[in-house]
1. Does TRP172 qualify as being in the same structural domain as PHE300 (by the TED database) and open to solvent by 40 Å² or more (accessible area, probe 1.4 Å)?
2. Out of contact with any helix residue (DSSP H, G or I) (no Cβ under 6 Å at 6 or more places or on another chain), of a type outside the set (A, V, I, L, M, F, W, C) and surrounded by fewer than 16 Cβ atoms within 10 Å (Cβ to Cβ), is that true of ASN409?
3. If a residue has to be farther than 19 Å from CYS386 by Cβ and open to solvent by 20 Å² or more (accessible area, probe 1.4 Å) to count, how many in region 45-56 make the cut?
4. Among VAL103, VAL52, which is of a type in the set (Val, Ile, Thr) and closer than 29 Å to ALA317 by Cβ?
5. Can you pull out the residues in region 80-96 that are in contact (Cβ under 8 Å) with a residue 60 or more places away in the chain and open to solvent by less than 30 Å² (accessible area, probe 1.4 Å)?
6. From the set of residues in region 64-74 that are in a helix (DSSP H, G or I) and open to solvent by 40 Å² or more (accessible area, probe 1.4 Å), which is nearest to THR124 (Cα to Cα)?
7. Looking at (1) farther than 30 Å from GLY43 by Cβ; (2) at pLDDT 90 or above; (3) among the small types (Gly, Ala, Ser), can you tell me which one ALA420 breaks?
8. Check whether at least one residue in region 353-362 is in contact with a helix residue (DSSP H, G or I) (Cβ under 7 Å, 6 or more places away or on another chain) and among the acidic types (Asp, Glu), and report yes or no.
Amino acid sequence: MKLLYVFALILAVRIASVFVVKTYYVPDEYWQSLEVAHKLTFGYGYLTWEWVQGIRSYVYPLIIAAIYKLLALLQLDSAQLLVLLPRLLQATLTAYSDYRFYVWTGKRKWALFLILVPWFWFYTGSRTLANTLEASLTTIALSYFPWFGEGSAYLWPAAICCFLRPTAAVIWVPLVLYHLRKTKLSSLDLILKRFVLIGALVAGIGVAIDTYWHGQLIVTPWEFLKYNILHNIGSFYGSHPWYWYFTVGLPTVLGINTLPFIYGIVETVRKGNRQPVSKQLLISILITLTVLSTVEHKEFRFVSSLLPLCLFVSAEALSRWSYHASRLQLWTAALIILLGNVVPAWYLSTIHQKGPIELMPKLQEIAKDYRDEREQRANILFLMPCHSTPYYSHIHENVTMRFLTCEPNLEQRENFKDEADRFFDAPMHWLRSHIPVHPITAQPSHVVLFDSLDKKISEYLINYKLLHSIEHAEVKKLVESPLLHDLSTALGTQLPNVASLLQHVQSRTGKSILVYQRLKQGEENAFNRQEYEDQADPPELPTETQSSENLFN
């Protein structure tokens, strides 16, 4: 196949994913990239604690901010384009990295097939995640690595990758040692004139950028390691057993591609001397998984950079197998792999957790057009687990918004609970303590919450009417499934009970996202009032409607 046609095919798939993938994955897709870029460009928005403490680099958000600035100069900065263009940029970079993977693997058909079909890569390849950028840069660097011959071009993307996410260095340490062992050049010259020089240039530029935007001399990779590794702050957001990456993490990311990967492992172990690249990649994979396993907080996306390594091993093994396989066997294997990836990719990209993405255009319209009886603009309160939705980057209107925060225990206080935990422990108590009651017009104009919460705060919602109900995710049937008990047993008795965990998640999320709008003067919400009046001893309702200072924030 002509390389131009191959790249066009890959690019078409990645661009298609921008428009197909319409679900929510993790907060960092927005809060560590788009929200930061929006704050830099337009002067309003929200920076999470990571940016206050300086553990994140501004390099990636600045690229997105450049797009935002150009749109602003052209007066084309609509909320739709602010969301769409960064994803198109990331999809294009992902497409280029996929193209480099195809070239690196010797332009094998299996390699092209395997890089296009993985469900996880389709699901995340166009998302504005630092992990997606890391995986793309890793693939590009691997394609320039001197597997046969000499060269150091790979050091540039590898160094950028390590600066943005220092844990990426775990992949490159064994590969750099392999390079030093096989090179015919002077090791000292290679270290001083290539490794140190390129590393210092990338680090120097990165430190200069971060120092300027953070407003003080700062080395973000060190701050990242200090908080996440030395202080183990990540465990605040969840912890897993040490073996999780081996038994759940990587197999889930690979999906059905785990089968050809296992076959590739077996073939590489059997014929290691004839497959030196696969052998070295397996060493890097094993070392990376082992090191990452020592950190309590684990996520699927943290091993996304291992995907190209695993796919190379799989592609090489399948290519050798193809020489002796029949046409029926080839088509059967390809069809099984394709279907095994299409089903989870379709479900997770279009159905599961789609609520936040469908919510934001509705909030954008509210933020743009809503005026209350005092001609005040929308004032939106998110009563959801923190960072459950995108934020200003998807609304692009300078209105008042508030969400439940979840900063970790940075000061090591006793019996610490973040704001979200305190709210869900006693929702009505928190509302009475933090949200003004008099006058009604001082209350938020809109409240966004999951349907599992509305009954618990029905007393508060007496002055609101339901405006939107948006489907989000179905978790009840999964919680009730008897398979969960079997899964917990199979994975180990020391694991947290899976059903209990999902019930906890469901208590804070739900099947739908609800948007309530405060009643204006003269409006009547008969349903909520009747439901409220049926309760015993209802408290006196506020009736004052005159102008007053909005104490919401």
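1. Details: in the same structural domain as PHE300 (by the TED database): yes; open to solvent by 40 Å² or more (accessible area, probe 1.4 Å): no.
Here the answer is no, as TRP172 does not meet what is asked.
2. Values: out of contact with any helix residue (DSSP H, G or I) (no Cβ under 6 Å at 6 or more places or on another chain): yes; of a type outside the set (A, V, I, L, M, F, W, C): yes; surrounded by fewer than 16 Cβ atoms within 10 Å (Cβ to Cβ): yes.
Taking the combined requirement at face value, the residue satisfies it.
3. Going through region 45-56, the residues farther than 19 Å from CYS386 by Cβ turn out to be 54.
Imposing the further condition that a residue be open to solvent by 20 Å² or more (accessible area, probe 1.4 Å) reduces the set to none.
Of the residues in region 45-56, 0 are farther than 19 Å from CYS386 by Cβ and open to solvent by 20 Å² or more (accessible area, probe 1.4 Å).
4. Details: VAL52 fails: closer than 29 Å to ALA317 by Cβ.
None of the other options fit; the residue is VAL103.
5. Matches in region 80-96: LEU82, ARG87, ALA91, THR94, ALA95.
6. ALA66
7. Going through (1) farther than 30 Å from GLY43 by Cβ; (2) at pLDDT 90 or above; (3) among the small types (Gly, Ala, Ser) one by one, ALA420 breaks only (1).
8. As a first pass, look at region 353-362 and keep what is in contact with a helix residue (DSSP H, G or I) (Cβ under 7 Å, 6 or more places away or on another chain): 360.
Within this subset, residues satisfying the condition of being among the acidic types (Asp, Glu) are none.
For region 353-362, residues in contact with a helix residue (DSSP H, G or I) (Cβ under 7 Å, 6 or more places away or on another chain) and among the acidic types (Asp, Glu): absent.
The values are calculated or read from the model by the stated rules, or taken from the named source; none is laboratory data. As the structure is a prediction and not an experimental result, all values here were calculated from the model. Here Cβ is always computed from backbone atoms with ideal geometry, including for glycine, and neighbour counts include all displayed protein chains. All accessible areas refer to the heavy atoms of the entire protein, side chains included, with ligands and DNA or RNA removed. Shrake-Rupley method; radii C 1.70, N 1.55, O 1.52, S 1.80 Å.
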